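One structure below.
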Amino acid sequence: MTRPDILTVAKLAPFLMEPLQAAFTVHDRLHETDAAAFARIAPSIQGICGSGESKVGAALMDQLPALRMISIMGVGYDGVEVAAAKARGVLVSHTPDVLNDDVADLAIALALNIARRIPQAERHVRAGLWPQGPVPLATKMSGARMGIVGMGRIGQAIATRARAFGMHVAYTARSAKPELPYTFHDQVTALAAQSDFLVIITPGGAGTRKLIDATVLQALGPKGYLINVARGSVVDEAALVTALQQGTIGGAALDVFENEPHVPEALFGLEQVVLQPHQASATHETREAMGRLVLDNLAAHFAGRPLPTAVV
Ligand code: 8YV
């Protein structure tokens, strides 16, 4: 049985790389490491495997005349030029649903962390400062107003959790979802003005670039908290840094950034900030489930079956 040639465009975890190498001839990021070798095998590459942050553009696709499938380990695929893939008859798959719980859990954890000042209090104790006095009082999250920007699968998982905390949930999205028991705002600024916690869970990409700008941060206000578990591109990061430095908003808890893994140094010294290294889906259970979906989509394609979780 021929083993199709697959190009990986991201560092993949062993639980995915090993079964991938068992089923396919894998060329691990060869386009980045060995141009001559890549040029030799490029005509035979039939599939690409990458992560939610991977960049797969028309320029790379044009070097791969036999390319038929791009399998992304991530629900987000904003780094893939989907229109270019479609135009070349190349299928794209991603890994939705299996990570809803983890991403929603981290969103709620970040909201609790920023409101209850958990990292600050933990640092206070670790520094041996408690004998000298308590930490400042924090902010109650239960019963407050949560605004969710993006009401897809993960947005709805966050809303369910927020309701369990007795929170008032409102949202904005491309269109209202009348079947949902939450207040819809068609403008993100209006939602921000009605929120104590504004959670970002939209797809990345051109359609949402800098959606959260200085105007939205102004509307969120000096007591409001921003939580981003989507993509750094959705927030105007420079405007966010300024808003935090000037107290325009109450604080921010961030899992994603514009230029990962690089984080604006200006954020490091700010008390009212919680920082995470894009780990919302980073549990054994979820990443292994994502890995299985990547393999299932590739196997389905090369067996001529419909893809379990196609984008296009
Ligand atoms: C992962 C993600 O960081 O699913 C996404 O879109 O951003 C994360 O789950 C990443 O894609 C893992 O490969």
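Any read-out appearing in this document is the output of simple, stated calculations on the displayed coordinates, not a laboratory observation. Note that the structure is predicted; figures quoted are calculated from it, not measured. Positions of Cβ are backbone-derived with ideal geometry, glycine not excepted, and every protein chain shown enters the neighbour counts.
A few notes on this one:
- Volume per residue that the Cα convex hull of region 124-165 spans, once the total is divided by residue count, Å³: 117
- Globularity index of region 232-271, i.e. its alpha-carbon radius of gyration over 2.2 N^0.38 Å: 1.07
- The residues packed around Thr208, meaning those with a beta-carbon under 9 Å from its beta-carbon, carry a net charge of +2 if Lys and Arg are +1 and Asp and Glu are -1.
- Here the alpha carbons of region 1-135 define both size measures, Rg and Dmax, at 21.5, 71 Å.
- Normalised radius of gyration (Cα atoms, divided by 2.2 N^0.38 Å) for the chain: 1.10.
- Cβ crowding within 10 Å averaged over residues, with 12-23, 49-60 ranked highest first: 49-60, 12-23
- Net charge of the neighbourhood of Leu217, taken over other residues with C-beta under 13 Å away and scored Lys/Arg +1, Asp/Glu -1, is -1.
- Protection proxy ranking of 171-180, 34-43, 78-87, 65-74 - average other beta-carbon atoms within 10 Å, highest first: 65-74, 78-87, 171-180, 34-43
- Partner aspartates and glutamates for Lys223 [C-alpha distance under 13 Å; skip if fewer than 8 residues away on the same chain]: Asp196
- Three-way shape label, region 74-231, alpha-carbon gyration tensor, a/c 1.5: prolate
- The amide H of Val92, built 1.01 Å from its N in the peptide plane, has Ile70, Val311, Val312 as neighbours under 5 Å, considering only residues 5 or more places off or on other chains.
- With one equal scatterer per alpha carbon and no solvent term, the Debye-computed log10 I(q)/I(0) for region 161-218 at 0.12, 0.14, 0.21, 0.30 1/Å reads -0.30, -0.41, -0.91, -1.42.
- Taking a straight line from the alpha carbon of Lys177, these aspartates and glutamates sit under 20 Å away, with near neighbours fewer than eight places off in the same chain left out: Asp97, Asp186.
- For the chain, adding -39500 (n - 2.57) for each run of n ≥ 4 DSSP H residues and dividing by the number of residues yields -10000 deg cm²/dmol at 222 nm.
- In a reduced charge model with +1 at each Lys and Arg Cβ and -1 at each Asp and Glu Cβ, the chain shows a dipole moment near 480 debye about its Cα centre.
- Taking a straight line from the alpha carbon of Lys210, these lysines sit under 21 Å away, with near neighbours fewer than eight places off in the same chain left out: Lys55.
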